[in-house]
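Colleague: Shown below is the structure under consideration.
The values are calculated or read from the model by the stated rules, or taken from the named source; none is laboratory data. Predicted model only: the values in this text are computed from it and were never measured. When we count neighbours, we look across all protein chains shown, and the Cβ atoms used for this are built from the backbone with ideal geometry, even at glycine. We work out accessible area using only protein heavy atoms, side chains counted, and drop any ligands, DNA or RNA first. Shrake-Rupley method; radii C 1.70, N 1.55, O 1.52, S 1.80 Å.
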Amino acid sequence: MRRPLIYLLIAFIAGITAGSYFSASYFLLLAIIAFALLFLIITVRKKRPVAGLFLILCLIFIIGFFSIQKHRFFAEQSLHIAQYIDKDMLTLEGIVIETPLAYPDKNILTVNCLRKIKNKKYFPVTGNIRLVIPPDLKFQYGDFIRFHTTIKNVHNFNNPGGFDYKKYLNLQGIYAIGYISDNSKIVLLRQKTANCARSHLESFRNYLKRIIYNNASSPQREIIEAMTIGNQNEIPADIRDNFNKTGTAHILSISGLHIGMVSAIAFFFVFFILKSSEYLMLRFNIIKFAAVAALFMVLIYAFIAGMGVTVMRSALMAFIFLIALISGKQKDLYSTLALAGLIILAISPEALFDISFQLSFMAVLALIYIVPKFSDIPSEKITNLPSWTQSIIRYLYLSVIVSIAATIGTLPLISYYFNRVSSITIFANMIVVPLLGTLTLTISMLFIISSLFSPVIAGYFIKLASFFVQISVSIIDKLASLPWSSCSITKPNLVEIAIFYLLIFLIIRFIEEKKNGKTQKEFSLNRFRYIKYALIVILIIFAGEVTYFTIRDKFSSNLKITVIDVGQGISTLVRLPGGKNMLIDGGGFTDGSFDVGKAVVAPFLYQEKIGHIDTAVLSHPHPDHLLGLIYIINNFDVRQIWKSKFPVNPEEFPDWEKTIKLNNPQVFLLSDKSPEKIINGVRTQVLWPPIYSGKDIHNISFDEVNDTSLVLKITFGKVSILIPGDISGNVEKMLIESKKDLRSDVLIVPHHGSKHSSNIEFIKAVACRYAIVSAGKSNVFHHPHPLTLQRYKDAGVNIFRTDRDGAITLITDGNNLQIDTFLKRK
């Protein structure tokens, strides 16, 4: 069999994928492995290679299936820390086993728990937790700490298209999170209790960080720190956004590109030194010596970068390619890549679901498949040019081909995970990769080496690196400011991704066959026809797929409303018949520490193939309703905004007015006097608030702003939905007294189920069949309040909750009503 490693890799990936969705008993898996081994021995003895190969692939599949479930098996043991989730306050002791993650508003520790203290007695525990602590608390790898906290389960925002944060941490062996807000709840017992060598390495990394910060200003120092030490969390958000817009964000996090650059720099540096000596060229194989030097430099760089999972995976892949070069096995790059993938996944099976691994693997695969086929420039076109000009042209041409190949290989994944495509990514990378990936990285390597004997000399290297970083940042800022530099796109599904890769493969095969036809080299007319017909079929399928999702909503005759799970807040997407849509509120965290619009609402919209918002509605200016809308208005084509006449305080929300001025949507100020709006048969009535005078607005307190909420009633045929914002019982009473028709089939429960809302009289007046509560899991406000829930139950109302059901979707044709939840009820 040719390239058997590829088949083994496919079987292993299939096993890991299956194991991530299905579970099986540990002992059952061991029994299956034992039987597979027994049958494999029998087939080998009876010389049945096909059956033997099948059993080997089955065995690899089962090993992959088991490997991804090992953390789950350990978490089920009685001593595991996961058994204490959502129980009383715990006093725990453990060791910080990873370099702390530093953010402007918090630090995050990964702690290996060793024991629990209760009644002055020690009880052993196992397992890792993620511990969130205040930003002024500084701990290091290897610190032995004692802390007092209640550990919580890892929670997701449960929406279609959302990031599965729980699965992400579970795959790393983390099943619980602890939060500490009081500095007195955590204490350092002793230092350097973990691996001694790693502790010394962390001290050296901190020493390098001090040199960087003493000799460079922001944002240059944060970028240099990210490219050398591996900490990118402190890079300013606006700088990171600009790199994202230009498709160059990969340069900010140590990955395969950096490892490859370090390897190439070391290889060519040693190669040219050895090449200068005729004796060494004759005496030794200088290519292999250079490869050995590159291997050692990659190892050093990986250690300095903190030996993070991503860094070690990239380094391991580089090791395998360099070892193949040293051993003379470098010609079969596909098998080398398959071997690298097998080893990486065997060590860390969760890497399969890591974005950096997927991007690195697909980029390398695209490079080794595409570049050799298009790397040659027809010699007759540049023969008459000077040799130095030919060298420059070849370099530029090869740089373009490499950038195009890497872009093609990673484009579907970037679209899937980041929902943004840069139109200038090739041009931007041709500028930034030489400046940052080559010049700055080379200077950074000299900085690391010189820091071993002179911090002063190392400081000069940092100043020089900072100069090139500043140039790069200036160029990126200018490119990102171009209005057409990037565009947001909806999330492709797995079928579309597969069609894209198949389409690229067929296009390249078609071009190859046409070239072979001209030279009569290995040309087959039948093969050429098959490829041409296959290409036409795939193009038709691709066009059909795009057309379907483009016009799908335009031909919809249903009203579809989704209450998105945004935690403690609310955001509701209304999709009207004929394709129009409306987003009511955008969620948001009170302290602004987490962008709900970017991380929760936008991914849901992208998943639903929504690229624009016809109407964005702000019910009232509170953080848990307003903050998420800012990102949506900035990144989606929002045509108009509805809000009450109550103004948004510019001191509390300075970004709101900036966003409105920048994007210039139409703004409509609504009140209970506004006429009802009818769009494709759907009536939207504004039942509240009244028109406030300037004096009234001035006298309203922060809490009373809730009572300025827009109260919307949406009616389609015989079905009505009431969306009352955060109104209190006082406004509920005034609505009842106004004799307005409040009757609705579905009620979005006021103020997230607060005990100050949902009076019995209001529930009777609405007379709803279903009530939907939007609230965060275990929120500090204790919403929904038990008394509020009981009032709805006593009225015979069916209750849905985003904290338990995830996103809740209503679909109606005007007569029938269907309710679906993201998390299916048992």
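Colleague: Please list the equivalent ellipsoid semi-axes of the range 675-826, computed as the square roots of five times the alpha-carbon gyration tensor eigenvalues, in descending order and whole angstrom.
Modeller: Three semi-axes, in Å: 24, 21, 14.
Colleague: While we're here: Convert 20 °C to kelvin, take the viscosity as 1.002 mPa s, use the Kirkwood radius over C-alpha pairs of the chain as Rh, and evaluate the Stokes-Einstein diffusion coefficient in µm²/s, rounded to a whole number.
Modeller: Diffusion coefficient, whole number: 70 µm²/s.
Colleague: What distance in nm lies between label points placed 7 Å from Cα along the C-beta direction at residue 824 and residue 148?
Modeller: 4.5
Colleague: Taking the 0 to 90 degree range and rounding to the nearest ten, how far is the long axis of helix 309-326 tilted relative to the main principal axis of the chain, both from C-alpha atoms?
Modeller: Roughly 20 degrees, rounded to the nearest 10.
Colleague: Between beta-carbons, use under 11 Å as the cut-off and find the net charge around residue 161, counting Lys and Arg +1, Asp and Glu -1.
Modeller: Result for the local shell: 0.
Colleague: When the solvent-accessible surface of protein heavy atoms is calculated with a 1.4 angstrom probe, in what order do 65, 27 fall, highest first?
Modeller: Descending accessible area places them as 27, 65.
Colleague: Quick check on the chain: of the DSSP beta bridges with both residues there, what percent are antiparallel, nearest 5%?
Modeller: 70
Colleague: Another one. Ordered by residue, what ³J(HN,Hα) values in Hz, to whole numbers, does the range 405-420 give under the Karplus form 6.51 cos²θ - 1.76 cosθ + 1.60, where θ = phi - 60° and Gly and Pro are x?
Modeller: Per-residue couplings from phi come out as 4, 5, 5, 4, x, 9, 4, x, 5, 4, 4, 5, 8, 10, 6, 8 Hz.
Colleague: For 148, 258, write out the residues from largest to smallest accessible area, computed with a 1.4 angstrom probe and no ligands counted.
Modeller: In descending accessible area the options line up as 148, 258.
Colleague: Given labels modelled 7 Å from the Cα in the Cβ direction, how far is it in nm from residue 637 to residue 214?
Modeller: Simple spin-label model gives 5.4 nm for this pair.
Colleague: While we're looking at this one, here's another question. With a cut-off of 8 Å between alpha carbons and a minimum separation of six or more residues, what is the relative contact order of the chain in percent?
Modeller: Dividing the mean separation by the residue count of the chain yields 8 percent.
Colleague: Also, quick follow-up: Ranking request for peptides 776-788, 35-47: highest mean number of other beta-carbon atoms within 10 Å first, then the rest in descending order.
Modeller: The densest-packed peptide leads the list: 776-788, 35-47.
Colleague: Which of 12, 784, 183 sits closest to the plus end of the dipole of the chain, meaning its Cα is farthest towards the positive end, when Lys and Arg get +1 and Asp and Glu get -1 on the C-beta?
Modeller: 12
Colleague: May I pose another question? Subtract the Cα-Cα distance of residue 232 and residue 206 from 0.36 nm times their separation in residues, and report this length gain in nm to one decimal.
Modeller: Contour length minus the Cα-Cα distance gives 7.9 nm.
Colleague: Continuing with this model, one more query. Apply 1/(1 + (r/R0)^6) to the Cβ-Cβ distance of residue 282 and residue 45, taking R0 = 51 Å, and write down the FRET efficiency to the nearest 0.05.
Modeller: Rounded to the nearest 0.05, the efficiency is 0.45.
Colleague: Can you tell me the alpha carbon radius of gyration of the range 579-619 divided by the globular rule-of-thumb value 2.2 N^0.38 Å?
Modeller: So the Cα radius of gyration is 1.22 times the expected 2.2 N^0.38 Å.
Colleague: If one puts a single equal scatterer on every Cα of the range 178-257 and applies the Debye formula without solvent, what log₁₀ I(q)/I(0) results at q = 0.23, 0.27 Å⁻¹?
Modeller: -1.04, -1.15
Colleague: Once both labels are modelled 7 Å past Cα along the beta-carbon direction, what's the residue 391-residue 136 spacing in nm?
Modeller: According to this spin-label approximation, the distance is 5.9 nm.
Colleague: I need the shape label for the range 395-495. Rule: rounded when a/c is under 1.5, else prolate if a/b > b/c, else oblate, with a, b, c from the alpha carbon gyration tensor.
Modeller: Details: a/c = 2.37, a/b = 2.17, b/c = 1.09.
Since a/c reaches 1.5 and a/b is larger than b/c, the shape of the range 395-495 is classed as prolate.
Colleague: Of the listed peptides 623-634, 127-138, 402-413, what is their order by residue-averaged count of other C-beta atoms within 10 Å, with the highest listed first?
Modeller: Order by mean packing, descending: 623-634, 402-413, 127-138.
Colleague: What does the extension gain come out to for residue 430 and residue 185, with contour length at 0.36 nm per residue minus their alpha carbon separation?
Modeller: 83.2 nm
Colleague: Full extension from residue 478 to residue 649: what is 0.36 nm times the residue separation minus their Cα-Cα distance, to one decimal in nm?
Modeller: Here the segment from residue 478 to residue 649 would lengthen by 58.4 nm.
Colleague: How are the C-alpha pair distances of the range 1-146 spread across 5 Å bins, as whole percents from the shortest bin up?
Modeller: 2, 9, 13, 13, 12, 11, 10, 9, 8, 6, 4, 3, 1, 0
Colleague: Could you list which residues have their amide H under 5 Å from that of residue 176, counting only those 5 or more apart in sequence or on another chain, with H placed in the peptide plane?
Modeller: Residues meeting the amide H criterion: 130.
Colleague: Here is a further query. Quote the charge dipole size of the range 586-674 about the Cα centre in Debye, to the nearest 20; the model charges only the Cβ of Lys and Arg (+1) and of Asp and Glu (-1). All intermediate terms of the calculation are to be shown ahead of the outcome.
Modeller: Working: 8 positive and 11 negative charges, 66 e Å.
Around 320 debye, computed over the range 586-674.
Colleague: Hey, another quick one. What is the magnitude of the charge dipole of the chain about its Cα centre, with +1 placed on the Cβ of each Lys and Arg, -1 on the Cβ of each Asp and Glu, and no other charges, expressed in debye to the nearest 20?
Modeller: 2640
Colleague: Which whole-Hz ³J(HN,Hα) couplings does the range 61-73 yield from phi under the Karplus relation 6.51 cos²θ - 1.76 cosθ + 1.60, θ = phi - 60°, glycine and proline marked x?
Modeller: My calculation for the range 61-73 gives 4, 5, 4, x, 4, 6, 4, 7, 9, 5, 5, 4, 5 Hz in order.
Colleague: Under a 1.4 Å probe, what is the accessible area of the chain per residue, stated in Å²? Walk me through the intermediate numbers first.
Modeller: Working: 40770 Å² over 826 residues.
That works out to 49 Å² for each residue.
Colleague: Something else now. How big is the charge dipole of the range 1-93 about its Cα centre, in debye rounded to the nearest 20, if each Lys and Arg gets +1 on its Cβ and each Asp and Glu gets -1 on its Cβ?
Modeller: So the dipole magnitude of the range 1-93 works out to roughly 960 debye.
Colleague: In the structure displayed, which of 138/209; 167/777; 645/713; 47/70 lie more than 25 Å apart, Cα to Cα?
Modeller: Distance filter (> 25 Å) returns 47/70.
Colleague: What list of ³J(HN,Hα) couplings, whole Hz, do you get for the range 654-671 from phi and the Karplus terms 6.51, -1.76, 1.60, once you set θ to phi - 60° and write x for glycine and proline?
Modeller: x, 7, 5, 5, 4, 5, 5, 5, 5, 9, 6, x, 5, 10, 10, 9, 10, 8
Colleague: Considering the options 49, 625, 480, tell which one lies farthest towards the positive end of the dipole of the chain, charges being +1 on Lys and Arg and -1 on Asp and Glu at the Cβ, about the Cα centre.
Modeller: 49
Colleague: Something else about it: Report, by chain and number, residues whose modeled amide H sits under 5 Å from the one on residue 420, excluding near sequence neighbours (fewer than 5 apart, same chain).
Modeller: 489
Colleague: Accessible area of the range 421-469 with a 1.4 Å probe: how many percent of it is carbon plus sulfur?
Modeller: 83
Colleague: So, with a 1.4 angstrom probe, what is the percent of accessible area on the range 525-679 that is carbon and sulfur?
Modeller: 56
Colleague: Give the separation of the Cα centroids, the range 285-355 to the range 136-186, in Å.
Modeller: Measuring centre to centre over Cα atoms gives 31 Å.
Colleague: List the residues whose amide H sits under 5 Å from the amide H of residue 126, counting only those 5 or more places along or on another chain, with H placed 1.01 Å from N in the peptide plane.
Modeller: 80, 81
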